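Every number in this text was worked out from the coordinates using simple rules, so none of it is lab data. Keep in mind that what you see is a predicted model, and the values were worked out from it rather than measured. For neighbour counting, all protein chains shown are included, and Cβ atoms are generated from backbone atoms with ideal geometry for every residue, glycine included.
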Amino acid sequence: MNLTDFTKANLTKSSLEGINLQGADLKRVNLSNAKLADAKLSKANLSGAFLHGADLNRVNLVEANLTEANLTSASLIKADLQRACLNEAYLVAANLNAANLTSASLVNTDLSLATLTGACLNGANLSKAKLNGTFFIETNLLGADLSDSDFTGALMIKANLSGANLSQACLVNVDLTEANLVGAELYGVDLSGAILNEANLNAVDLVKANLRGVSLSRANLGWANLLGVNLEKSNLVGSDLSWANLNEANLVEADLSWTNMTGAFLMRANLSGANLNGVNLSNANMTGANLSGANLMGANLSGADLSNVDLRGAYLIRTNLHNAILNEANLTGANLDEAVLNGASLNCANLNRANLNRASLTGANLKGAFMLWTNLKGAFMLWTNLDGANMTGAILPSDK
């Protein structure tokens with residue numbers, strides 16, 4: 001059979017396994033529910049073709065034209081679609097497991113509910129694609145263009161998105177557990193409600209991204225740029241945020257317990273009501289941050305810069321503030337029971353009604369501090385500088 005022109009032909013339910021139609025003109029052909037497994041269709045023109053429910057397993061479609069083709073519920077397991085054009089095609093609920101779509105073009109294509117487990121889409125163009133509820137489990141999307149695409153509810157567990165362009169993409173409620181996003185472009189991406197547990201986001205740029213309610217438990221965000229991002233009520237338990245840029249970020253009521261934030265930048269960040277239990281913030285820069293009502297119990301803030309920080313009503317029980325800078329910080333009503341403030345600088349800090357019971361202030365500088373009605377009972381104050389401090393009504397260590 002050596003036919004090359006099947007334009008508009010009706011081949012519904014035909015058995016064409018292994019057929020050689022390389023370069024054939026199959027424009028708008030009807031191959032619905034046809035059996036084409038192992039067929040050779042490289043460089044074929046299938047634009048506008050009807051392939052609903054067709055068996056295209058292991059088919060060679062290299063450089064084929066499938067523009068606006070209807071492949072709804074089609075099976076393309078292990079199909080070779082390298083450099084194929086699938087722009088504006090319909091692949092709803094299609095099975096593309098282990099398919100090769102390297103450098104394929106899928107602009108504005110509908111892949112909703114499709115499965116691409118183990119598929120290769122390296123360098124593919126999926127900009128403006130509809131990917132709602134699509135399965136990308138262990139899928140390779142290295143360097144793919146995914147800008148402006150809608151991934152709402154997609155499963156992308158262990159997907160490789162290294163170097164991919166996800167700018168302005170919608171990833172609401174997407175599961176990206178253990179996904180690799182190193183080097184990905186994530187400017188303005190909406191990740192609200194997404195799951196990124198144990199994901200690799202090392203040094204990624206998430207400026208203006210929406211991360212509200214996201215789960216980043218045990219994720220790697222070291223050196224990441226999170227300037228001004230919205231992480232309100234997010235789960236970051238046990239994650240690595242060392243040296244990350246979180247300046248002006250919204251972390252209201254976020255759970256950051258046991259995270260590594262060594263050297264992180266949190267200037268003017270809002271952490272009010274956040275859970276920072278056991279967090280490592282050593283040498284972090286938190287100048288002007290809002291930590292009112294935050295839980296910093298057992299946290300390590302040694303060497304951190306907390307100048308002008310709002311710590312009103314914060315819980316700093318057994319917190320390590322050794323050599324920390326708290327100049328002009330507001331600690332009104334804060335609980336610093338058993339906190340370590342040895343060598344800390346608290347020039348002009350507001351400690352009114354704060355609880356420093358059993359706190360260690362050896363060598364601390366409290367020059368000009370406001371300590372009205374402060375509880376210092378049981379505090380260790382060897383070589384503490386209290387020059388000019390206002391201690392009206394304070395309970396001192398010697399008081400009974």
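Overview of values
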quantity: Tensor-based shape of region 99-185 (alpha-carbon gyration tensor, a/c under 1.5 rounded, otherwise prolate or oblate); calculated: rounded
quantity: Local electrostatic count, residue 57, Cβ distance below 13 Å [Lys/Arg +1, Asp/Glu -1]; calculated: -1
quantity: Surface/4 of the Cα convex hull for the chain, nm²; calculated: 17.3
quantity: Positive minus negative residues near residue 122 (Lys, Arg vs Asp, Glu; Cβ under 15 Å); calculated: -2
quantity: Lysines whose Cα lies under 24 Å from that of residue 377, excluding same-chain neighbours fewer than 8 positions away; calculated: 367, 400
quantity: For region 371-379, Karplus couplings with θ = phi - 60° (6.51, -1.76, 1.60), whole Hz, Gly/Pro x; calculated: 10, 5, 6, 6, 8, 10, 4, x, 6
quantity: For region 1-95, diffusion coefficient by Stokes-Einstein and Kirkwood Rh (Cα), 4 °C, 1.567 mPa s, µm²/s; calculated: 105
quantity: Expected-Rg normalisation [2.2 N^0.38 Å, Cα atoms] applied to region 271-399; calculated: 0.91
quantity: Size of electric dipole in region 271-399: Cβ of Lys, Arg +1 and of Asp, Glu -1, about Cα centre, debye, nearest 20; calculated: 160
quantity: Given charges at Cβ of Lys, Arg, Asp, Glu: the chain dipole, positive-most of 170, 364, 89; calculated: 364
quantity: Dipole magnitude of region 202-264 about its Cα centre (Cβ charges: Lys, Arg +1; Asp, Glu -1), debye to nearest 20; calculated: 100
quantity: Net length gained if the chain between residue 182 and residue 373 were fully extended (0.36 nm per residue, minus Cα distance); calculated: 63.6 nm
quantity: Selected from 250, 303, 276, residue furthest toward positive end of dipole (the chain; charges at beta carbon); calculated: 276
